[in-house]
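Here's the structure we're looking at; comments come further down.
Coordinate-derived values only; no laboratory data. Just so it is clear, the structure is predicted and the values come from calculations on it, not from any experiment. Note: ideal-geometry Cβ built from the backbone for every residue, glycine included; neighbour counts use all protein chains shown.
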2 protein chains.
Amino acid sequence: MTERLVKAFLKPIQKEEGLNISGGKRGRITIHEVASAAGVSISTASKALNDTGRMGAETRERVKRIAGEIGYRPNALARGLLSKRSFTIGLLTNDTYGRFTLPVMAGISDALVDHGVSVFLCAIEDDPALAQIHVDAMLDKQVDGIIATGKRLDRRLPVDLSNLHVPVVYAFTEGTQNSVTFRSDDEQGARLAVEWLATIGRRRIAHITGPGDFFSVRERAGAYHQVAGHREPVLYGVWSESWGHEAVEQLWKRPGEKPDALFCGNDQIARGAVDALRERGVKVPQDVSVIGFDNWEIVAAQTRPPLTTVDMELKELGRQAGLTVLALAEGRPVEPGVRKLPCRLVIRRSCGGRTPPE
Amino acid sequence: MTERLVKAFLKPIQKEEGLNISGGKRGRITIHEVASAAGVSISTASKALNDTGRMGAETRERVKRIAGEIGYRPNALARGLLSKRSFTIGLLTNDTYGRFTLPVMAGISDALVDHGVSVFLCAIEDDPALAQIHVDAMLDKQVDGIIATGKRLDRRLPVDLSNLHVPVVYAFTEGTQNSVTFRSDDEQGARLAVEWLATIGRRRIAHITGPGDFFSVRERAGAYHQVAGHREPVLYGVWSESWGHEAVEQLWKRPGEKPDALFCGNDQIARGAVDALRERGVKVPQDVSVIGFDNWEIVAAQTRPPLTTVDMELKELGRQAGLTVLALAEGRPVEPGVRKLPCRLVIRRSCGGRTPPE
DNA sequence: GTCAAGTGAGAAAAGGTTTTCTCATACAAT
DNA sequence: ATTGTATGAGAAAACCTTTTCTCACTTGAC
């Protein structure tokens, strides 16, 4: 006991001198300091702090207490070097606006922060070279996994992630063979919307949507046809307010009965449509119900009246993607395949019917 | 020579066996593999790759070539452990929408990717506990620095970053004493807007803006008064379209001459104002010029007519913040203080006058 | 033919942590 | 009194790089 104590008291002094001479960063507390202060060896300190190994309860407690007192925090780099886990993942996105990335990111972070995992965000703007640089940088930093996300379900990121030696999960972007991919169930979301319009008594439901080469446009239109039948046309265009505006002009210029509901491909189109209807003196929701898609707050909530719309639950999508990449990183088995997450109907005022609780 | 060569040829075999026995992750190529393949020692390999030390040109080239061929990439964790630089920084934000964070992030990333630096993004929603967790996680991971950003110039993040042992830079959020802070020059931006309205011949310029307790609101209003005089009132409200709408109602209900220009505190207010004017049959920009603030594409570009507005150059702000935190991390001296970055006028159609090049 | 200087390359330590192995002590059982 | 078995704790190796120090060899000069 005496010998050990003497060593313990001797050590800090040597250490201090060593530090001063080397001129290294002062104040960085390592497990060395903890061991010295507690009068134990480094290995004992480590085992005490990690609740591993055999040792007296009193010793363990003392080490823990002292570590807390002097503010010891283990160096994740050193730990990662040994354990091959950096508790770090990369999020790769080509969505510059952040419309889709931010909710996904929030979900990922939310799910992983409890596990001590931090997230590198890399925004590549469809630039393959930039993407490669970011991927390489992340791999060098030994990320435990990568989540790829984008702004479109049916497009790949401009970089090949298929043969990395870290797990990759795709969220809201096209994945590779045998990968795990999370996406929204646009078909179900569209059905939700059209069924809601039917529920509140609408019969002549038109569909104004984006470009027909978007996979999600086709899926939503498919569900629309299935539920609403073919009584009203589908108008394909672009993802902008002005298209929504123009589409309403087209519809109302046609002879014959007008639609009593508009199912729009996204909130921007819906907003344009609502504006056009107001300008024509058509009352929303009294005369016509309008429903959007995306639940992009900044658009949906600022429309007059606020838009009833379909939320793709991107945060939940991110959460699941995060947990999945973590599982893969820890070697737990995960079934490959595409997982569709259900959408949710957000009821505001643009449809009439039940109004939301305020 | 002979001896050395024999050793070199012997080594890879031992190493291979070692790897297989240990069962460590296969395929991870370390400098060991490079050295073996090139028939040199680890130290020589390292020096060759880093262009340091003395050695024959032929040897250096051979090592480099082989490293490239077998796809060697140095482990950043190991390197960081030694060099005390992780080539990693943290970006802390309380801006959930990403309106401000994303451009700033893009600028930071843009500036730092060339230096091999990756960025941890941590979105804390004004939750002090969550903020602390994220900061601790980043410090554990030995970030070289932290950039704090937010959605408001005159508010602090809910976490104290003042006594960290890594450099901290503030961008678009209130900093601490003796820190480096980057912010937009809202006064200059407002002057730009009002002067432009004057240039195109407007004389009765009203100012519709956000809540008066915002620092930037007061700065913009100050510049407005300075340039436009006090002929028209300043209407304080909230940052929403509906307030812009309502403010126009108020202005046009008043007796007497109406304004011929509206300087709005942000693009959402401007959009609401434009909509209200259209509904009243007032022509924009023929009768009234409207100018916004923020250049938030999704709002400014979708307004009819598209908004002339003031851009705060947040990407440039992020770029400078990134370079600054890097300089601090490398020990280069940086003068503390608040740096105001100039805003830029973006001319679209809502003001008339010179129209933008299409 | 000896010495000095220069050149090329390897050995070893360091960075902070975890983990395995070994050792010393104490105690119970024979 | 001797052996056997827990128990507590330390020594050392490992993770992958970089850097400093040292060593062996060559060359040119005297």
Practice task
Evaluate the distance, in nm, between pseudo-label points positioned 7 Å from the Cα of B:T52 and of B:A78 along their respective Cα→Cβ axes.
Solution key: 1.5
Fill in the blank from the handout: Taking placed amide H atoms and a strict 5 Å upper bound, the residues 5 or more places from B:L235 or on another chain that come that close are B:H207, B:I208, B:T209
Problem - Entries of A:K47/A:K84; A:K283/B:K258; A:K253/B:K283; A:K84/A:K151; B:K283/B:K315; B:K151/B:K315 with Cα pairs more than 22 Å apart - result: A:K283/B:K258; A:K253/B:K283; A:K84/A:K151; B:K283/B:K315
Completion exercise
Sorted shortest first, the nm distances from the B:I29 label point (7 Å along Cα→Cβ) to its counterparts in the other copies are 4.2
Practice task
For B:I298, place a label point 7 Å out from Cα along the Cα→Cβ vector, do the same in each other copy, and report the separations in nm, one decimal, smallest first.
Solution key: 0.4
Problem - For chain B, radius of gyration divided by Kirkwood radius, i.e. Rg to Rh on alpha-carbons - result: 1.19
Problem - Residue order, fewest to most beta carbons within 10 Å, for B:W239, B:W252, A:W196 - result: B:W252, B:W239, A:W196
Problem - Averaged over A:108-121, number of beta-carbon atoms from partner chains that fall within 10 Å - result: 4
Practice task
Treating cross-link reach as a plain straight distance, find the aspartates and glutamates whose alpha-carbon is under 15 Å from the alpha-carbon of A:K64, omitting any fewer than eight places away in the same chain.
Solution key: A:E33, A:D51
Handout entry: Copy-to-copy label separations for A:G353, where each label sits 7 Å from Cα toward Cβ, in nm and ascending
Key = 4.8
Fill in the blank from the handout: Evaluated at 37 °C and 0.692 mPa s, the Stokes-Einstein D of the protein assembly as shown based on the Kirkwood radius over Cα pairs, in µm²/s, stands at 113
Problem - Distance between modelled label sites at B:H230 and A:V282, nm, 7 Å Cα→Cβ extension - result: 5.0
Fill in the blank from the handout: Taking placed amide H atoms and a strict 5 Å upper bound, the residues 5 or more places from A:S118 or on another chain that come that close are A:T88, A:I89
Handout entry: 5 angstrom amide H check on A:G145, placed H, neighbours 5+ away
Key = A:G90
